[in-house]
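S.K.: Below is the structure I would like to discuss, written out as structure tokens.
The values are calculated or read from the model by the stated rules, or taken from the named source; none is laboratory data. It should be emphasised that the depicted structure is a prediction, and the values quoted were computed from it without experimental measurement. Cβ placement follows ideal geometry from the backbone for every residue including glycine, while neighbour counts extend to all protein chains displayed.
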């Protein structure tokens with residue numbers, strides 16, 4: 001069977017405050033803004049790591065999905081507030097340096113850098129919308 005040539009182009013994370021999301025992903029993490037699209041009072045912001053134009057995170061308003069009910073919107077808002085709705089794992093050659101920078105940016109620290117029993121060193125934050133952002137140490 002022939003292998004397919006696939007890449008991960010975009011992941012989606014919800015936001016409830018586009019300006020706070022921009023401040024975190026652009027100013028704290030250093031991602032570049034690729035698109036910032038407004039429609040009917042809502043914003044979709046595409047960001048990604050510098051030098052990786054094919055890898056994107058789309059920060060989106062969760063209320064924009066026309067297929068969800070009002071009860072589902074409330075559940076999503078509650079889960080976002082608790083930090084249990086969405087997450088992403090990022091990687092870096094120096095997790096301790098990134099931790100210091102993100103912590104200085106006033107992000108909510110969930111876990112300081114630690115060597116996990118399953119073999120990775122990582123840390124964790126919540127972004128302004130409550131999404132879990134884990135950052136792992138890249139192996140040399």
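S.K.: Any residue at all in region 125-132 that's assigned to a strand (DSSP E or B), in contact with a helix residue (DSSP H, G or I) (Cβ under 9 Å, 6 or more places away or on another chain) and surrounded by 19 or more Cβ atoms within 10 Å (Cβ to Cβ)?
M.R.: yes
S.K.: Of the residues 104, 64, 91, which is surrounded by fewer than 17 Cβ atoms within 10 Å (Cβ to Cβ), more than 14 Å from the chain's Cα centre (by Cα) and closer than 15 Å to residue 30 by Cα?
M.R.: Values: 64 fails: closer than 15 Å to residue 30 by Cα; 91 fails: more than 14 Å from the chain's Cα centre (by Cα).
Unique residue meeting the criteria: 104.
S.K.: Could you grab me the full set of residues in region 35-59 that are surrounded by 11 or more Cβ atoms within 10 Å (Cβ to Cβ) and under 22 Å from residue 98 (Cα atoms)?
M.R.: Scanning region 35-59 gives 46, 47, 48, 49, 55, 56, 57, 58, 59.
S.K.: Now a separate question. Given the condition touching a strand residue (DSSP E or B) at 6+ places or on another chain (Cβ under 6 Å), within 28 Å of residue 90 (Cβ to Cβ) and at pLDDT below 95, answer yes or no: does some residue in region 38-50 qualify? Walk me through it before giving the result.
M.R.: Taking region 38-50 as the starting set, the residues that turn out to be touching a strand residue (DSSP E or B) at 6+ places or on another chain (Cβ under 6 Å) are 44-48, 50.
Still in the running and within 28 Å of residue 90 (Cβ to Cβ): 44-48, 50.
Those still in the list that are at pLDDT below 95 too: none.
Within region 38-50, not a single residue is touching a strand residue (DSSP E or B) at 6+ places or on another chain (Cβ under 6 Å), within 28 Å of residue 90 (Cβ to Cβ) and at pLDDT below 95.
S.K.: Follow-up. Looking at region 96-113, which of its residues are under 30 Å from residue 76 (Cα atoms) and in contact with a strand residue (DSSP E or B) (Cβ under 7 Å, 6 or more places away or on another chain)? So that I can check it myself, show each step before the final result.
M.R.: Looking only at region 96-113, we keep the residues that are under 30 Å from residue 76 (Cα atoms), and these are 98-99, 101-113.
Selection gives 98, 99, 102, 103, 107, 108, 109, 110, 111, 112, 113.
S.K.: Among the residues of region 94-115, how many are at pLDDT 95 or above and assigned to a loop (DSSP other than H, G, I, E, B)?
M.R.: Matching residues across region 94-115 total 1.
S.K.: For residue 16, all conditions in the list (1) in contact with a strand residue (DSSP E or B) (Cβ under 8 Å, 6 or more places away or on another chain); (2) in contact (Cβ under 8 Å) with a residue 40 or more places away in the chain; (3) surrounded by 11 or more Cβ atoms within 10 Å (Cβ to Cβ); (4) more than 13 Å from residue 133 (Cβ to Cβ) hold save one; what is the number of the exception?
M.R.: Condition not satisfied by residue 16: (1).
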